[in-house]
Each structure stands twice: as C-alpha cells, then as structure tokens.
Amino acid sequence: MKKLAGKIAVVTGGSRGIGAAIATGLGREGATVVINYNHSEAEAQAIVKEVEDMGSSAIALQADISDAEATKIFIEKVLEQFGRIDVLVNNAGITRDKTFKKMSFEEWHKVIDTNLSSVFNTCKIALPSMLEQKYGRIINISSVIGQAGGFGQTNYAAAKAGLIGFSKSLALETARGGVTVNCICPGYIATEMVNAMPENVREAIIAQVPMKKLGAPEEIAKGVIFICESEYMTGQSLNLNGGLYLM
Ligand code: CAA
C-alpha cells in the first residue's frame, strides 16, 4: 500500500524546481496531485504526465496565488472537483534579489505577495474544509534565508521568516482540529533559482555548506512525505540544508 493512497494534495508552484519534485514525490506515494502553476503550463503538464506514468492521478491548474481572488477560484475549483484537500504544500516562491538601498517598493511587494501573502490566500480557503474533515497537512516551504538572512534578500528573508511565524501560529490554532502546520527550510537546492545566482556568489556559498554541495530537490520531497505521515509534528521547521545553519 502506498503511503498517501487516496489523499488529495495541492502543490503551489508545482511545475518546476522544488515544487515539481514535491509533486512527483507525492504522486509516487499514491496521492492525487493538483499542480498549480502561474506561467509554466508546458512544464506543469509534463509533471502531470510523470505522475500519471507512476499510476497516480494529477491535474495542472493555473492561478496567480499572489492574487487572493484568483486563489479563491483555484482552491474552490479543487474542492469542487475532488471534494476535499488533505495536503496543501505552499511552495510557490520567487526572488528579486537587490541590496536594500537599490530595492524598489515594487520588488518588496512582489516578493511579499508571492511568497507570504499567497499562503494566507490558499490557507484561508482550504483550511475550513480540512477542519471539517478533522484532517489536514499544511506544509509551507520556507528557507534557510528566513532563519539566517541573506545578503541582497531583505524581501525574500522577510517573507520566508514570516512563513515560520505564520506556521507556528496557525499550528496552535488548528492543533485540536487534526490539522498540522509545518515548514520546511531548504538550504541551497539545485534549481533554476540557485542557478540564476551570480556564479561566484553560488560557488562561495557552496564552499560554506558543510556538505560542500547543493541539495537535490528530491530531498525536500522526502521531507514533505515525512511530514504527511507524522501524526505528532506541528508548528515545526524541518531544516534540510546540508548543515549550513544549525539551530
Ligand atoms: N556578503 C558580503 N558582501 C557581499 C555579498 C555577500 N554575500 N554579496 C555582495 N557583496 C558585496 C560586494 O562584494 C560589493 O562590495 P563592494 O561594493 O565593496 O565591492 C557590494 O556588496 C555590492 O555588490 P554587487 O556589486 O554585486 O551589488 P549588486 O547590487 O549588483 O548585487 C546582489 C548584489 C543582488 C546581492 C548580488 O550579489 C546577488 O544576486 N547575490 C546573490 C543573492 C543570493 O544569495 N540569492 C540567493 C538566491 S537562491 C535562494 O534564495 C534560495 C534559497 O532559499 C536558499
């Protein structure tokens, strides 16, 4: 029996990078996976095919989750089609790296809206149905940057730290209702986002990682499966960072 057989899972930003690995990881364990994307439709459809090839069901749904109204329509569509949401992985995130003195209001708001307010938007609509069925797993993909800070990342660090506080608070409110809320804090993972960093900065960061390498996106998927299975873990952050930041 697959670990997540019969479960309905939603992954925001599931078309690429860490989100795509999480979507396929959930599919491998038997979950029906809803892959949310904003622009990357072809990539999202490719992940749908990958999940289907594993023998699980998947669909791709477009929504800009920084937009509260669009997110409401998206989550309500999932609830209408599948009747419930068991696992919600809030993974979608962007960077707009700039030193603070060069950062525009637009770059600040874009990152806060996409990486933090989006999680309010999805949870607001999905949570009531989880509480009603007395079961839910909300997993928010934060970052080591939310714990340690990052040069040129005041917007991103604020959003990712915000996710940790959000998750702890919501965990307190839902603990008696069968819904757990946790974060995963990845370190530097081999994705397009990290590849887009200036090469010299990336190399300098890898040199600081005790394991001396980037993480594989599949490592984050393994963390998601672990949290899905856990009955007693809530309000926590799972740090998957090659030893970069020791709590
Ligand atoms: N620590 C200390 N000083 C640094 C630094 C760092 N990490 N990075 C740059 N500086 C210094 C530079 O040496 C330079 O100093 P001088 O003026 O004395 O020469 C000064 O800061 C300005 O640097 P730049 O000329 O590069 O300034 P910029 O404004 O053009 O770019 C930057 C700055 C945007 C931060 C750029 O260096 C950059 O993109 N850095 C990478 C940011 C980063 O780490 N992003 C992580 C993306 S991956 C991710 O976020 C995923 C995750 O969750 C882990």
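A search for C-beta distances below 9 Å between a residue of region 36-60 that is over 24 Å from Ile73 (Cα atoms) and any residue that is open to solvent by 20 Å² or more (accessible area, probe 1.4 Å) and among the aliphatic types (A, V, I, L, M), counting only pairs 6+ apart in sequence or on different chains, returns Ser56/Ala5. Among the residues of region 144-164, those identified as open to solvent by less than 10 Å² (accessible area, probe 1.4 Å) and either more than 19 Å from Gly13 (Cβ to Cβ) or touching a strand residue (DSSP E or B) at 6+ places or on another chain (Cβ under 6 Å) (or both) are Val144, Leu163.
For first residues located in region 84-98 and closer than 17 Å to Lys3 by Cβ, partners that are open to solvent by 40 Å² or more (accessible area, probe 1.4 Å) and lie 6+ apart or on another chain with Cβ distances below 7 Å form the pairs Asp86/Lys7; Asp86/Tyr135; Val87/Lys7.
Checking each residue of region 181-188 against the condition of being over 18 Å from Lys98 (Cα atoms), away from the ligand (no atom under 11 Å from the Cβ) and in contact with a Cys (Cβ under 9 Å, 6 or more places away or on another chain) gives at least one match. Quick one: is Gly136 crowded, with 21+ Cβ neighbours inside 10 Å and either more than 18 Å from Met193 (Cβ to Cβ) or of a type in the set (Gly, Ala, Ser) (or both)? Here the answer is yes, as Gly136 does meet what is asked.
Exactly one residue out of Asp53, Asp64 is under 17 Å from the mean Cα position of the chain (by Cα), modelled with pLDDT of 95 or more, more than 14 Å from Asn91 (Cβ to Cβ) and surrounded by fewer than 21 Cβ atoms within 10 Å (Cβ to Cβ), and it is Asp64. The single condition among (1) surrounded by 22 or more Cβ atoms within 10 Å (Cβ to Cβ); (2) part of a helix (DSSP H, G or I); (3) within 11 Å of the ligand (Cβ to nearest atom) that Ser167 does not satisfy is (3). Scanning region 128-164 for residues that are among the β-branched types (Val, Ile, Thr) and assigned to a helix (DSSP H, G or I) turns up Val144, Ile145, Thr154, Ile164.
When Thr12, Thr32 are checked against the criterion of being under 24 Å from Ile125 (Cβ atoms), open to solvent by 10 Å² or more (accessible area, probe 1.4 Å) and modelled with pLDDT of 95 or more, a single residue qualifies: Thr32. Note on region 137-162: among residues that are within 11 Å of the ligand (Cβ to nearest atom) and touching a Leu at 6+ places or on another chain (Cβ under 7 Å), the one that is nearest to Lys110 (Cα to Cα) is Ala159.
The values are calculated or read from the model by the stated rules, or taken from the named source; none is laboratory data. This is a predicted model, so every value here is computed, not measured. Cβ coordinates were reconstructed from backbone atoms using ideal geometry, including for glycine residues, and neighbour counts include every protein chain displayed. Only protein heavy atoms, including side chains, enter the accessible area calculation; ligands, DNA and RNA are left aside. Shrake-Rupley method; radii C 1.70, N 1.55, O 1.52, S 1.80 Å.
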